[in-house]
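So the structure is just underneath, and the comments pick up after that.
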Ligand SMILES: [Zn+2]
């Protein structure tokens, strides 16, 4: 099962956050939503979840640049 990753540097942010997370889509999405809410002050809305889901990328094994 492939993992997804998300890089906070690719999200609009006000504090130059450089967190990156990887995991199955379900888990990385949950973690990213929690992160967006707690760290970036976003509201946990379906729109936020959809926006984050669209930024998920397939993880390339062994190529974490
Ligand atoms: Zn962040």
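The values are calculated or read from the model by the stated rules, or taken from the named source; none is laboratory data. The shown structure was predicted, so the numbers you read here are calculated from the model rather than taken from an experiment. All Cβ positions, glycine included, derive from the backbone under ideal geometry; neighbour counts span all protein chains shown.
Observations, loosely collected:
- Filtered by the rule that a residue be more than 14 Å from the ligand (Cβ to nearest atom) and under 11 Å from the mean Cα position of the chain (by Cα), the range 10-25 gives 22, 23, 25.
- One residue stands out in the range 1-16 among those that are part of a loop (DSSP other than H, G, I, E, B) and surrounded by 11 or more Cβ atoms within 10 Å (Cβ to Cβ): the one that is modelled with the lowest pLDDT, namely 13.
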